[in-house]
Amino acid sequence: MITNDSSFQVSTDQSRLDIPMIYRFLSEQSTWAVGISRPIVERAIENSLCFGGYLDGRQIAFARVITDYATFANLVDVFVVPEFRGHGYGKQLIGVVLGHPSLQKLRRFTLATKDSHSLYERFGFTPPLRPETLMERYFPNIYLS
């Protein structure tokens, strides 16, 4: 467990994750995974480095990192439950994620965000230096079919 200087705690212990809450948020409230099935959420969690954010033992935040632990990581599924936003928990969560010992000295650490650019800029994220080299296959409504 990784703790911060407040009552907010961050842990990578997957057995502590509130899977029903994570699934509900992603499938119903997120802007990126509406309609995702619970089995897909569970498989994604099983195959990622996950961070749960807890306040008084209750999970209120989540982040997931897809990584090879050597050269690359992609930060995904970052959220703070709406009623707990505005208290700095997202900043603390991202700080712990980026400070994790297994995520140091990676050549590339990526993420995609619709509206949280200023949060991630504080931690050194920038638009791609060479966007002409990046490509993607993107299916935004895949979970709704």
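A few comments on the model shown:
- The heavy atoms of S48 present about 10 square angstrom of accessible area, all protein chains included, probe 1.4 Å.
- 10 Å Cβ shell holding at most 15 others, DSSP loop, chymotrypsin sites (Phe, Trp or Tyr not before Pro): longest site-free stretch of the chain: 70-122
- Trypsin sites (Lys or Arg not before Pro) within the stretch 20-113: DSSP coil, no more than 15 neighbouring Cβ in 10 Å: R85, K105, R107
- Most positive-pole-ward Cα, I60, P128, G95, against dipole of the stretch 8-133 from beta carbon charges: P128
- Rh by Kirkwood over Cα pairs, then Stokes-Einstein D for the stretch 8-133 at 0.890 mPa s and 25 °C, µm²/s: 162 µm²/s
- Dipole magnitude of the chain about its Cα centre (Cβ charges: Lys, Arg +1; Asp, Glu -1), debye to nearest 20: 260 debye
- Lys/Arg +1, Asp/Glu -1 at C-beta; the chain dipole; positive extreme among Q104, M21, V10: Q104
- In order along the stretch 75-92, the Karplus-derived 3J(HN,Hα) couplings, from 6.51 cos²θ - 1.76 cosθ + 1.60 at θ = phi - 60°, round to 8, 9, 6, 8, 7, 10, 3, x, 5, 10, 6, x, 10, x, 5, x, 4, 5 Hz, and Gly and Pro are given as x.
The values are calculated or read from the model by the stated rules, or taken from the named source; none is laboratory data. What you see is a predicted model, and the numbers here were worked out from it, not measured in a lab. Every residue, glycine as well, gets a Cβ built from its backbone with ideal geometry; the counts of neighbours run over all protein chains shown. Side chains are part of the model used for accessible areas, which takes the heavy atoms of the whole protein and leaves out ligands, DNA and RNA. Shrake-Rupley method; radii C 1.70, N 1.55, O 1.52, S 1.80 Å.
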